[in-house]
């Protein structure tokens, strides 16, 4: 029985990264949700509460780590869906570059935003 | 004697994964995974846009929080939670199977994780809407 082969190369690092970031997300997202609901009575809703919460350096690092992991996982997933269209290897490399740029921009924005929010508390 | 086997390229339609006619639960799980993924990626960027209101100032943020307490918004929150649960639990199953854990009982795992998703979704709905009285 002849097995028909597709053009896919065996590229399993993306799968493993998906799995690892996914597992980390179960923890990080769980933490994020618990904190949003329980760190302050009634949930983290008031502006002052949010600023105070994010001003804690450990919290800041945790939220940035969460953003990095979630963005990475998300863009790896987008990559998988796009690559499923069956593109030429050169096109796939271009997609990789674009997604990496989007990832870097997203994380950079998130870090800038977090720092700006914390700075609000010092006004 | 050498046998030359030329690999036949599989004919693919780009969106053929989304056609569920005649497919079984495994394919349904695959589609749920992808659709929830797309939804969650869109949510990720939406969330960052919304959080940008915090940089604008307390007034802008309070305006948003007021909106966020409306029943319509809570309904969207519930859709988000269901999407997170479906994607996360399904993903957990895929991760376990991918690392060789539970493979002989995969069929059961699919149904167990589906049941978990449904139960947690109902609990979330109760939690969200009991608070919104």
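Bear in mind that the values in this text are calculations on the coordinates, not laboratory data. Everything quoted here is computed from the prediction, not taken from an experiment. Glycine also receives a Cβ, built like all others from the backbone with ideal geometry; neighbour counts cover every protein chain displayed.
Just to compare against my own numbers: the Cα pair-distance distribution for chain B, 5 Å bins, whole % per bin, please.
Pairs per bin, as whole percents: 2, 8, 13, 14, 15, 13, 11, 8, 6, 4, 2, 1, 1, 1, 0, 0, 0.
Taking the 0 to 90 degree range and rounding to the nearest ten, how far is the long axis of helix A:57-83 tilted relative to the main principal axis of chain A, both from C-alpha atoms?
Once rounded, one gets 20 degrees.
What is the order of A:92, A:63, fewest Cβ neighbours within 10 Å to most?
Details: A:92 16, A:63 20.
If I rank by nearby Cβ atoms, fewest first, I get A:92, A:63.
What would the Debye equation give as log₁₀ I(q)/I(0) for the protein assembly as shown at q = 0.07, 0.13 Å⁻¹, counting only Cα atoms as equal point scatterers?
-0.31, -0.98
Using only the alpha-carbon atoms, how far is helix B:71-98 inclined from the longest principal axis of chain B? Give it as 0 to 90 degrees, nearest 10.
30 degrees
Give me the distance in nm between label points sitting 7 Å out from Cα along the Cα-to-Cβ direction at residue A:97 and residue B:55, one decimal.
2.7 nm
Semi-axes of chain A's equivalent ellipsoid from the Cα gyration tensor, sqrt of 5 times each eigenvalue, largest first, rounded to whole Å?
Whole-Å semi-axes of the equivalent ellipsoid: 38, 17, 9.
Can you give the helix-only mean residue ellipticity at 222 nm for chain B, where every DSSP H stretch with n ≥ 4 adds -39500 (n - 2.57) and the sum goes over all residues, rounded to the nearest 500 deg cm²/dmol?
Using -39500 (n - 2.57) per qualifying helix, the result is -24500 deg cm²/dmol.
Taking the Cα atoms only, what angle lies between the long axis of helix B:106-131 and the longest principal axis of chain B, rounded to 10 degrees?
10 degrees
Given R₀ = 30 Å, what would the calculated FRET efficiency be for residue A:31 paired with residue A:81, taking r from the Cβ atoms and rounding to 0.05?
Efficiency at R0 = 30 Å is approximately 0.65.
Based solely on its DSSP helices, what 222 nm [θ] is calculated for chain A when runs of n ≥ 4 H residues each add -39,500 (n - 2.57) and the sum is averaged over all residues, nearest 500 deg cm²/dmol? Mind showing how you got there, number by number?
Working: 4 runs with 94 residues, N = 123.
Counting only the DSSP helices, I get -27000 deg cm²/dmol.
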